[in-house]
There are 2 protein chains.
Amino acid sequence: MSKFTPFDYQMMSRAIGLAKRGIYTTSPNPNVGCVIAHEGKVVGEGFHAKAGEPHAEVHAMRMAGDKARGATAYVTLEPCSHYGRTPPCSLGLINAGVKRVVCAMTDPNPQVGGRGFNMLREAGIEVDVGLLEQEARALNPAFLKRMETRKPFVQLKMAASIDGQTALANGRSQWITSTQARRDVQHYRAQASAILSTSQTVLADDASLNVRWSELPQDVQRHYAETSLRQPVRVILDRAHQLHSELKLYQSNSSILTVAETDADICVELDSHHQLRLDQLFQTLAAEHNINHVWVEAGATLAKSLIEQQLVDEIILYMAPKIMGADGRGLFGALGLNDMAQAIDLDIKELRQVGPDIRVVMTPIWKEE
Amino acid sequence: MSKFTPFDYQMMSRAIGLAKRGIYTTSPNPNVGCVIAHEGKVVGEGFHAKAGEPHAEVHAMRMAGDKARGATAYVTLEPCSHYGRTPPCSLGLINAGVKRVVCAMTDPNPQVGGRGFNMLREAGIEVDVGLLEQEARALNPAFLKRMETRKPFVQLKMAASIDGQTALANGRSQWITSTQARRDVQHYRAQASAILSTSQTVLADDASLNVRWSELPQDVQRHYAETSLRQPVRVILDRAHQLHSELKLYQSNSSILTVAETDADICVELDSHHQLRLDQLFQTLAAEHNINHVWVEAGATLAKSLIEQQLVDEIILYMAPKIMGADGRGLFGALGLNDMAQAIDLDIKELRQVGPDIRVVMTPIWKEE
């Protein structure tokens with residue numbers, strides 16, 4: 001028999017729903033929700049909103065006050081056991097007198113995983129783990145990827161006509177997709193830890209590559225005040241040192257990390273094709289900048305490198321119902337394939353219309369090397 | 001106040017549903033359904049199944065017998081008034097003694113439109129026209145286009161990878177799309193009056209371009225017996241007279257019309273680009289072969305000509321979730337566009353997955369010449 005009751009499921013679902021309210025702001029921390037229930041009633045609840053601010057459990061305990069004594073706490077992620085910017089939540093739950101802690105999943109960081117549970121159990125608290133684990137994992141694909149692999153989760157955004165062209169032969173591309181599709185991009189940018197692009201793209205479009213609150217979907221704006229807007233860091237491959245302070249990129253106050261072989265914020269080596277080593281860049285972003293989630297907006301050259309090096313976790317492709325002709329610029333550049341078996345297979349996760357355009361979300365299925 | 005009652009709507013909906021059962025077999029005739037109701041009860045119903053066989057009204061009258069006297073007949077299209085392979089249905093309804101005839105729409109053929117109604121009215125029958133007209137028109141887009149413009153309705157089928165490639169640089173393309181998508185094509189072919197292709201495509205794939213009953217979707221097979229399978233005529237552009245009797249094309253017993261400048265079943269002139277005049281071909285198909293509906297399966301060259309000459313009514317594009325690289329063969333060939341405003345705009349009518357692939361149905365929005 002399951003150790004979880006229908007009431008347990010209901011409370012954990014509620015905690016997962018709360019956790020989602022942090023998706024635009026928690027980076028580099030995970031999204032976590034917590035509900036405290038006593039005798040079949042919710043007495044406290046909360047979610048983690050922002051690094052440096054209280055964890056979900058703290059909000060829920062503050063709300064519950066004395067009613068936490070003898071209660072059950074439902075948390076989407078193992079409560080922390082270490083002193084960071086806040087004292088450990090496991091200690092907080094012990095002091096608050098909760099009787100039982102139900103968790104969706106263990107902390108994925110192998111150095112801390114399980115310690116929170118041990119601390120609680122040593123204090124005599126009943127701990128049950130694994131309720132709605134899959135749903136809880138889906139709250140934090142990027143945080144989990146960094147914790148489990150030391151690499152960020154990489155989403156590649158592309159836009160093309162229905163015949164796969166990203167620009168005309170003369171380079172013109174404004175605009176292929178609709179206003180609605182371009183605004184849709186904003187809510188993806190807003191969830192990322194970093195936006196990766198190239199100086200070519202920045203110079204061609206004089207792109208800001210920031211999140212514009214006024215362009216976020218209305219349902220996002222309702223829960224996300226303009227004053228708490230978090231800007232992803234902009235990571236720009238600038239090998240020829242072309243970026244300069246006149247660009248719009250430098251007009252907005254979110255931070256910029258330049259990438260080159262030398263004289264840049266992040267210096268990476270060249271690979272055997274004399275290109276900047278993207279795998280090294282991603283490792284540095286994860287290890288030194290706590291970047292969970294990279295959103296890539298660039299041209300065919302970078303897209304091709306990422307695809308060929310199997311560094312993409314998800315492709316978000318916007319396709320406009322337009323025919324541009326095969327003499328334009330194709331999505332991924334030339335790949336030199338000789339056999340259909342060499343084509344890169346994708347799995348469609350989601351297909352929908354955004355305004356007049358199509359949005360398709362796909363996961364590459366990498367072949368064995 | 002509307003002259004139509006809720007019961008009238010119900011009966012006409014039923015007639016429209018019946019008409020749809022003929023969509024694979026009626027060509028070149030229209031799909032028509034008929035319901036005869038007396039004192040709130042259906043006493044007869046039928047649909048037109050095949051040219052040369054009884055019209056929908058005849059089936060319904062046979063079923064109703066004496067109960068047609070004093071009844072109301074609901075027909076999706078104006079009953080005919082001329083002696084063809086069957087006697088005029090208007091006369092049949094008069095002789096059967098119906099009191100009222102409700103029709104969705106007038107016969108679109110300007111030479112006969114309204115004569116059926118006049119015949120009925122002169123016999124003292126109440127005639128009401130226009131109930132669910134839009135739905136009734138949607139039963140016969142191709143028949144209506146031929147009647148109204150003397151040109152066939154042209155559907156262009158294409159298949160590509162998600163990056164718009166129809167083949168690798170070396171010409172390999174088997175298979176880009178899935179078995180499910182290729183079977184899905186069968187139910188489109190089965191609805192067409194003619195399948196248009198080129199000798200290049202026929203030779204490259206040794207294509208049969210026929211309908212294979214065993215590959216039709218199961219829900220189609222249930223209502224469409226293998227023994228009543230109708231094969232569209234295969235129209236092949238064969239300017240260099242490359243077709244020969246060893247080809248699979250000649251193994252199946254459906255008919256073939258070759259097209260060339262001379263020495264072909266249909267001879268057409270060359271246009272200013274020294275290409276076969278497709279507009280002339282379509283006019284000939286409509287006028288001399290009663291072709292309502294052309295389903296095009298060919299390569300980028302023919303697709304490009306059709307698009308540039310604004311001869312396409314609908315594009316059915318299958319896209320496989322695969323990346324093939326921009327060095328393959330693009331969907332429509334080079335169009336030489338210099339400005340984004342020259343791109344050909346499409347309107348998405350339908351978007352869905354077919355097996356692992358995407359099917360998108362689009363209507364071109366032609367710019368003024």
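Count of segment A:358-367 residues, restricted to those that are under 16 Å from B:TYR318 (Cα atoms) and more than 8 Å from chain B (Cβ to nearest Cβ), is 1.
For residues that are in contact (Cβ under 8 Å) with a residue 40 or more places away in the chain and surrounded by fewer than 20 Cβ atoms within 10 Å (Cβ to Cβ), scanning just segment B:280-298, find the one that is nearest to the other protein chains (Cβ to nearest Cβ). Looking at the filtered set, the residue picked out is B:GLN283.
Determine if segment B:320-327 includes at least one residue that is touching a Lys or Arg at 6+ places or on another chain (Cβ under 6 Å), crowded, with 17+ Cβ neighbours inside 10 Å and either under 16 Å from A:ALA160 (Cβ atoms) or at pLDDT 95 or above (or both). No. Filtered by the rule that a residue be facing another protein chain (nearest Cβ under 8 Å) and at positive phi, segment A:304-339 gives A:GLY325, A:GLY333, A:GLY336. Any residue that is touching a Phe, Trp or Tyr at 6+ places or on another chain (Cβ under 9 Å) and part of a strand (DSSP E or B) - is there at least one of those in segment A:345-353? Within segment A:345-353, one or more residues are touching a Phe, Trp or Tyr at 6+ places or on another chain (Cβ under 9 Å) and part of a strand (DSSP E or B). Note on segment B:344-355: among residues that are within 29 Å of B:ARG172 (Cβ to Cβ) and at the interface with chain A (Cβ under 7 Å from one of its Cβ atoms), the one that is surrounded by the fewest Cβ atoms within 10 Å (Cβ to Cβ) is B:GLN353. Can we say A:GLU53 is within 25 Å of the chain's Cα centre (by Cα), in a helix (DSSP H, G or I) and under 30 Å from A:ALA286 (Cα atoms)? In short, no. Answer yes or no as to whether B:ARG359 is assigned to a strand (DSSP E or B), touching a residue at least 60 places away in the same chain (Cβ under 8 Å) and of a type in the set (D, E, K, R). So B:ARG359 fits the description; yes. Selection over segment A:232-260 of residues that are of a type outside the set (Ser, Thr, Tyr), free of Cβ contacts under 8 Å to residues at least 24 places away in the same chain and closer than 23 Å to A:ASN292 by Cα gives a count of 3.
Taking the criterion of being surrounded by fewer than 22 Cβ atoms within 10 Å (Cβ to Cβ) and either of a type in the set (A, V, I, L, M) or part of a helix (DSSP H, G or I) (or both), the residues of segment A:81-94 that qualify are A:LEU91, A:ILE94. For segment A:291-302, the candidate set comprises residues that are modelled with pLDDT of 95 or more and of a type outside the set (A, V, I, L, M); within that set, the residue that is nearest to A:GLN165 (Cα to Cα) is A:GLU297.
Among the residues making up segment B:180-218, those that are more than 19 Å from B:ILE266 (Cα to Cα), of a type in the set (S, T, N, Q) and free of Cβ contacts under 8 Å to residues at least 60 places away in the same chain are B:GLN186, B:SER208, B:ASN210, B:SER214, B:GLN218. The single condition among (1) modelled with pLDDT of 95 or more; (2) surrounded by fewer than 19 Cβ atoms within 10 Å (Cβ to Cβ) that A:ALA64 does not satisfy is (2).
In segment B:95-197, counting only helices (runs of 4 or more DSSP H) that sit wholly within it, none holds 2 or more residues that are on the phi > 0 side of the Ramachandran plot and either away from chain A (no Cβ under 14 Å) or over 16 Å from the mean Cα position of the chain (by Cα) (or both). The set of residues from segment B:168-183 being crowded, with 22+ Cβ neighbours inside 10 Å and either farther than 12 Å from B:GLY355 by Cβ or of a type outside the set (Val, Ile, Thr) (or both) comprises B:LEU168, B:ILE176. Taking the criterion of being closer than 19 Å to B:TYR318 by Cα and of a type in the set (Val, Ile, Thr), would at least one residue in segment A:292-314 satisfy it? Checked against the condition, which is being closer than 19 Å to B:TYR318 by Cα and of a type in the set (Val, Ile, Thr), segment A:292-314 yields no hits at all. Flag: A:THR149 does not match the condition of being in contact with an Asp or Glu (Cβ under 9 Å, 6 or more places away or on another chain), of a type in the set (Ser, Thr, Tyr) and either at pLDDT 95 or above or not assigned by the TED database to the domain that holds A:THR26 (or both).
The values are calculated or read from the model by the stated rules, or taken from the named source; none is laboratory data. Treat the numbers as computed from the prediction; the structure is a model and nothing was measured. Counting neighbours? That spans all protein chains shown, and the Cβs are built from the backbone with ideal geometry, glycine included.
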